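Let me begin by presenting the structure, written as structure tokens, before commenting on it.
The values are calculated or read from the model by the stated rules, or taken from the named source; none is laboratory data. Not measured: the values here are computed from a predicted model. No Cβ is skipped: glycine too gets one built from the backbone with ideal geometry, and neighbour counts run over all protein chains shown. Side chains included, ligands, DNA and RNA excluded: accessible areas come from the protein's heavy atoms. Shrake-Rupley method; radii C 1.70, N 1.55, O 1.52, S 1.80 Å.
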Amino acid sequence: MKSVCVVTWFDTWNYGTQLQATALCKYIEKLGYKTYILKRFAVKEHFIKHPQLALTRLDSRINRKRTDEFFHKYPYKISAERRRRITEYTEEIFDPVVIDTTEKWEKIVKSGMIFVSGSDIIWNPNIGHPGMFFLDFAMYDNLTRISYASSTGAKRLPKSYYDDYRRVMKGFTAISTREKNSADFFTRLLRRPVEKVIDPTLLHDSDFWDTIAETANISIETARKYILCYFVFGDKRYWDYVELIRQQYSDYDIIVLPMNYEAENSGFKVIDDGTPREFISLIKGAEFIVTDSFHAAVFSFIYDKEYYILKRSRSDEDEKFSDLLNRYGMTDRMITDEQVFIRKPDIDYSDGKKRLESDRAKSIRFLRNALRGHKDT
């Protein structure tokens, strides 16, 4: 059986990040490959032999503060129980691989392992010059490298990186991104087709996600109807808006999955030990969802749920929401006036679901052909 190694974030407390990694690994398994996920590449001899790799890693370290400020603007210390349960989920779902010796690497090269980069915002320029998430460590050994739905999370990419993009992406069998603006940018820069594909979580239907959600263990009582609040960013205006909702729907519980201290201290019912299982289950069971999360919107769409998106203060985040909402006819889910809550319970995602089926077929075809080594997808 041919082996595939996915390179993305996965060992994290962000539910969407874990679920996009889950989705990609599980779909590649469904296509008939033994699938691993890269935990660490640390072959010293490989870095010595290829100094550019070492320079890129050094650049990442230098940019660590900028990276942390971008990705962890609102630091939040998760509970020990949540960490334990997320670790349990990670160990059950993924098959991590650590490549830290020349012997291991040579064995992998000999086996012809395929490397897949994707998805989430792993190509964000705040990480530094293109490196591990562009599979630079695998570019010297004639291994198949592809990207699936890799996202930059940026409207513009720095010109100072253009030569590095060309260098590390040369030799990719197939390249795809999650956002159209990124696909258009790399198509121009690399002078080769770069496809826009769907987020990995959308490769699977609700039946698949039910198998994850059915093992959820909700730690608080949810007998009453409830509104789910899930905010990645910490922003006081989010809670001002939730207060408007509470005033209208006082007979509903408001349940919070916290990702920051503002959420933890919201005064509502807080589930501080949740995992991706509870994330899906709570979305599935909610009366409606209020969020600033791309993946909360995705799973609300998958489960035909009523949901409302509050805009993030960081404008670079808009593109991924625009692609999702415009493509599937859900622009009315974005809140444009935060001074009043007007509920829109009459949802009809049928046209969006038909479009998703078409996009899913196209994305699966891209992934299948790329893994087979077909350059013309």
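Brief remarks follow.
- Three-way shape label, the range 1-158, alpha-carbon gyration tensor, a/c 1.5: oblate
- Acute angle (nearest 10 degrees) that the helix 80-93 long axis makes with the longest principal axis of the chain, alpha-carbon atoms: 50 degrees
- In sequence order, the range 296-305 has phi-based couplings of 5, 5, 4, 6, 5, 5, 4, 9, 6, 9 Hz under the Karplus curve 6.51 cos²θ - 1.76 cosθ + 1.60, θ = phi - 60°, and Gly or Pro positions carry x.
- Hull volume per residue, based on the alpha-carbon atoms of the chain and their convex hull, is 136 Å³.
- Computed [θ] at 222 nm, deg cm²/dmol, the chain (DSSP H ≥ 4; -39,500 (n - 2.57); rounded to nearest 500): -13000 deg cm²/dmol
- Its Kirkwood hydrodynamic radius, worked out from the mean inverse distance over all distinct Cα pairs, puts the range 236-377 at 16.9 Å.
- Seen from every direction in turn and averaged, the convex hull around the alpha carbons of the range 181-306 projects onto 9.5 nm².
- Here the contact order of the range 96-208, divided by its residue count and restricted to Cα pairs under 8 Å and six or more residues apart, works out to 24 percent.
- Working note: Karplus 6.51/-1.76/1.60 with θ = phi - 60° gives the range 365-371 the couplings 4, 4, 5, 4, 5, 5, 5 Hz, where Gly and Pro are set to x.
- Remark on Lys196: its backbone amide H falls under 5 Å from those of Thr177, a criterion applied only to residues 5 or more positions apart or on other chains, H modelled at 1.01 Å from N.
- Comparing mean-square fluctuations of Ile114, Ile146, Ile347 from a GNM of the chain with C-alpha springs under 10 Å, the top value falls on Ile347.
- Cα gyration tensor category, rounded, prolate or oblate, for the range 150-196 with a/c compared to 1.5: oblate
- Accessible area per residue, Å², the range 157-299 with all protein chains present, probe 1.4 Å: 39 Å²
- Under a Gaussian network description of the chain, with springs only between Cα atoms under 10 Å, the residue in Trp123, Trp209, Trp239 that fluctuates furthest is Trp239.
- For the range 266-304 versus the range 347-371, the gap between their alpha-carbon centres in whole angstrom: 23 Å
- Whole-number D in µm² s⁻¹ for the range 175-216, Kirkwood Cα-pair radius fed into Stokes-Einstein, 20 °C, 1.002 mPa s: 179 µm²/s
- Overall form of the range 242-303 per C-alpha gyration tensor (a/c, 1.5; a/b vs b/c): oblate
- Modelled FRET efficiency - R0 22 Å, Lys104 with Trp13, Cβ distances, 0.05 increments: 0.20
- Vicinal HN-Hα couplings computed from phi for the range 47-52 (Karplus, 6.51 cos²θ - 1.76 cosθ + 1.60; Hz; Gly/Pro x): 5, 5, 5, 10, x, 4
- Percent carbon-and-sulfur accessible area, the chain, ignoring ligands, DNA and RNA, probe 1.4 Å: 47 percent
- Dividing the mean sequence gap of close Cα pairs (under 8 Å, 6+ apart) by how many residues the range 185-333 holds gives a relative contact order of 23 percent.
- Between Tyr15, Tyr162, Tyr230, the GNM of the chain built on Cα springs shorter than 10 angstrom shows Tyr162 fluctuating the most.
- Measuring r between the beta carbons of Leu55 and Arg246 and using R0 = 56 Å, the FRET efficiency lands at 0.60.
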